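Down below is the structure, laid out as structure tokens.
The values are calculated or read from the model by the stated rules, or taken from the named source; none is laboratory data. Not measured: the values here are computed from a predicted model. A quick note on method: Cβ atoms are made from the backbone with ideal geometry, for glycine too, and the neighbour counts reach across all protein chains shown.
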């Protein structure tokens, strides 16, 4: 089942807390080749995951958690730990036991000196980080993730595709966050991570305390991006349904014509039913199925051809099978 996961935690800036460090983190992680490791997770990994799940229960909603639960290995444990830490960046520094795990781990696709992109082609990392260091409102840190097979199949396995997607729908995301387009600020970086490549998108308003993101807003963002990412597949599904409907209508019309012809070739006491069938056969371009009642019996025309007319006594048309 194709799925898109959207998580939208936020960093509450001010009072000594800043989102500048997180920005630098997502922008400067270097991409490396992922080496599969099917050995069991280490004791430290197992202990850290248990702590993460206890401290951040929503970590169980991550695709990486599903992978780890189904196949607990060093590789799936590492992927889960990485994204769970990134999803809760703003709370890590205040919780004992996590500080030593925060580091610039590799795997971001760089676009020049860093991997950051936005509305403008050229992003000054230092200037944006400084802006966030002095910002006093909430900064949302969206994480948008796909299964590896979906990303490869749909072309979302590189930064350019995600940059085009987010630029196209930046106003939709702003609307979901209750931010006027002219006040919306966003920066993102693509991380080509294991089985679930994902993009980190930081978003805020130039006016502190203006933005607001509800659960409905998160669902709106997810729906908008899902419809765009899987658009070609959805169009294919619609085309298949349309083709099936047309085939059904053609089949039903053919059956009705055969039925009317059979009635004309025999003595039937229901000429009005015969005329009805002829009329309906001409109108089947607007319907997908027909049900008639003739002498108390039902004729159902659907995917199967209608049955033949059978005579019972004195040449009268009594029913259809």
Of all residues in the stretch 136-162 being more than 18 Å from residue 228 (Cβ to Cβ) and touching a helix residue (DSSP H, G or I) at 6+ places or on another chain (Cβ under 8 Å), the one that is surrounded by the fewest Cβ atoms within 10 Å (Cβ to Cβ): 141
Failed criterion for residue 174 (all others in (1) over 28 Å from residue 66 (Cβ atoms); (2) under 19 Å from the mean Cα position of the chain (by Cα); (3) surrounded by fewer than 16 Cβ atoms within 10 Å (Cβ to Cβ) hold): (3)
Selection from the stretch 13-54 of residues that are at pLDDT 85 or above and touching a helix residue (DSSP H, G or I) at 6+ places or on another chain (Cβ under 9 Å): 39, 40, 41, 42, 45, 46, 48, 49, 52, 53
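Residue under question is residue 5, and the condition is that it be modelled with pLDDT of 80 or more, closer than 27 Å to residue 117 by Cβ and touching a strand residue (DSSP E or B) at 6+ places or on another chain (Cβ under 9 Å); does it hold? Write out each step before concluding.
Numbers: modelled with pLDDT of 80 or more: yes; closer than 27 Å to residue 117 by Cβ: yes; touching a strand residue (DSSP E or B) at 6+ places or on another chain (Cβ under 9 Å): yes.
In short, yes.
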Single condition residue 83 does not satisfy, out of (1) in a helix (DSSP H, G or I); (2) farther than 21 Å from residue 192 by Cα; (3) modelled with pLDDT under 85: (2)
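Just to be sure, is residue 133 surrounded by fewer than 20 Cβ atoms within 10 Å (Cβ to Cβ), over 21 Å from residue 13 (Cα atoms) and at pLDDT below 90? Break it down into steps so the answer makes sense when it comes.
Numbers: surrounded by fewer than 20 Cβ atoms within 10 Å (Cβ to Cβ): yes; over 21 Å from residue 13 (Cα atoms): no; at pLDDT below 90: yes.
Answer is no for this residue.
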Among (1) at pLDDT below 95; (2) surrounded by 21 or more Cβ atoms within 10 Å (Cβ to Cβ) - the single one residue 226 does not satisfy: (2)
Count of the stretch 112-127 residues which are out of contact with any helix residue (DSSP H, G or I) (no Cβ under 6 Å at 6 or more places or on another chain), within 21 Å of residue 174 (Cβ to Cβ) and either buried (at least 16 other Cβ atoms within 10 Å of the Cβ) or in contact (Cβ under 8 Å) with a residue 12 or more places away in the chain (or both): 3
